[in-house]
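Working notes, beginning with the structure itself.
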Amino acid sequence: MDISVVVPVYGCKAALPELHNRLTAVLRDMTSDYEIILVNDACPQGSWAVIEEICRQDPHVVGLELSRNFGQLQATAAGLDYSTGDWVVVMDCDLQDRPEEIPRLYSKAQEGYDVVFARRKERKDSKLKVFVSECFYKVYSFATGQPYDGSLCNFSISNRNVINHYCKMREWHRGFVMYIQWMGFREAVLDVEHQERFAGESGYNFKKRMRMAVDLLTSQSDKLLQLTIKAGLAISAISALAILILLLQFFTVHMQPGWTSIIAAVFLMGGLTIASVGIVGIYVGNIFMEVKHRPLYIVRQKLNGNKERMDKQ
């Protein structure tokens, strides 16, 4: 197999026939040995019926139906586990990633790169979504100590060696681009055109994005714990200084002690203590998720394709 295209499917039923047609037109011009892996992440719109029809018409299409909604990252992991291509493309199903850019990504990779990421020149998303994303990636870069370009997206092409190593990492919370970059392979970036969604709306609301941001930060960096320690030491130093000043005032000015400062101090320390315990709890929760060693996903049904998934658990 020369090229595999992995597409997690959720909330874009109307785009699937157009996605298939455009991918087929592009890939046929590149090679006769390709596969398109459509991973249905329990799409509520009934996308699996469309995938079944596409698989009946085209043996190049492999359909994977997950038993429930596991999330985009897990659906992508499923597609990568089942992929067989020497080169693997990852893209979204909403056609904001243009299939016509794949030959450019492949051509760039032939210059000696292991992975080529697409960089969206102008994002066709709301200003709020772009602003929140930029803020997250700045915090992420600070927390991990590594600069990260927030304009990069999952749309990319990687060789088999990169994908095999990525599939060995079975953490529950893992970002595709972040983990690929962490591995340190030779990478390049190619500017691509970012289009409007073909149909439907994004399944990631603000709450889900914030949850994913917390998961990614706490699963890849202990910077929050370090900041908690530093904040605790700083507050202790300030408190010791304040106590010293109050003692001097008590013995010189004979000030009567008041309950306001005591209550303020209690609430301050109580809030900081609860926040610190909460941060530690998030990390403990991540550990709890990982030590159970549950599968990242469960495939209920598979259509087309001959390769059986290796047991990576």
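The values are calculated or read from the model by the stated rules, or taken from the named source; none is laboratory data. The shown structure was predicted, so the numbers you read here are calculated from the model rather than taken from an experiment. Cβ placement follows ideal geometry from the backbone for every residue including glycine, while neighbour counts extend to all protein chains displayed. Keep in mind that these areas ignore ligands, DNA and RNA; they rest on the heavy atoms of the full protein, side chains included. Shrake-Rupley method; radii C 1.70, N 1.55, O 1.52, S 1.80 Å.
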Selected residue [at pLDDT 95 or above, outside any loop (DSSP other than H, G, I, E, B), under 23 Å from the mean Cα position of the chain (by Cα) and closer than 22 Å to CYS153 by Cα] from VAL88, VAL130 = VAL88
Taking THR76, is it surrounded by fewer than 20 Cβ atoms within 10 Å (Cβ to Cβ) and of a type in the set (Ser, Thr, Tyr)?
-> no
Can you tell me which residue within the stretch 27-52, out of those that are out of contact with any strand residue (DSSP E or B) (no Cβ under 8 Å at 6 or more places or on another chain) and either polar (S, T, N, Q) or buried (at least 20 other Cβ atoms within 10 Å of the Cβ) (or both), is farthest from GLU65 (Cα to Cα)?
-> SER32
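Yes/no matrix, rows are residues, columns are (1) part of a loop (DSSP other than H, G, I, E, B); (2) touching a residue at least 40 places away in the same chain (Cβ under 8 Å):
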position	(1), (2)
VAL7	no, yes
GLY11	yes, yes
ALA15	no, yes
ARG22	no, yes
VAL26	no, yes
VAL39	no, yes
ALA49	no, no
Scanning for something of a type in the set (Val, Ile, Thr), open to solvent by less than 60 Å² (accessible area, probe 1.4 Å), over 30 Å from TYR82 (Cα atoms) and modelled with pLDDT of 70 or more, does the stretch 275-282 turn up at least one residue?
-> yes
Hey, among the residues in the stretch 284-313 that are modelled with pLDDT of 75 or more and under 28 Å from ALA231 (Cα atoms), which one's most open to solvent (accessible area, probe 1.4 Å)?
-> ILE287
Qualifying residue in the stretch 99-114 (condition: buried (at least 21 other Cβ atoms within 10 Å of the Cβ), not hydroxyl-bearing (Ser, Thr, Tyr) and not in a helix (DSSP H, G or I)) | no
Going by the structure shown, is GLY85 more than 25 Å from PRO44 (Cα to Cα) and surrounded by 22 or more Cβ atoms within 10 Å (Cβ to Cβ)?
-> yes
Within the set of pairs 6 or more residues apart or between chains, which connect a residue that is within 11 Å of PHE155 (Cα to Cα) inside the stretch 189-201 to a residue that is assigned to a strand (DSSP E or B) and modelled with pLDDT under 85 with Cβ atoms less than 6 Å apart?
-> HIS194/ARG120
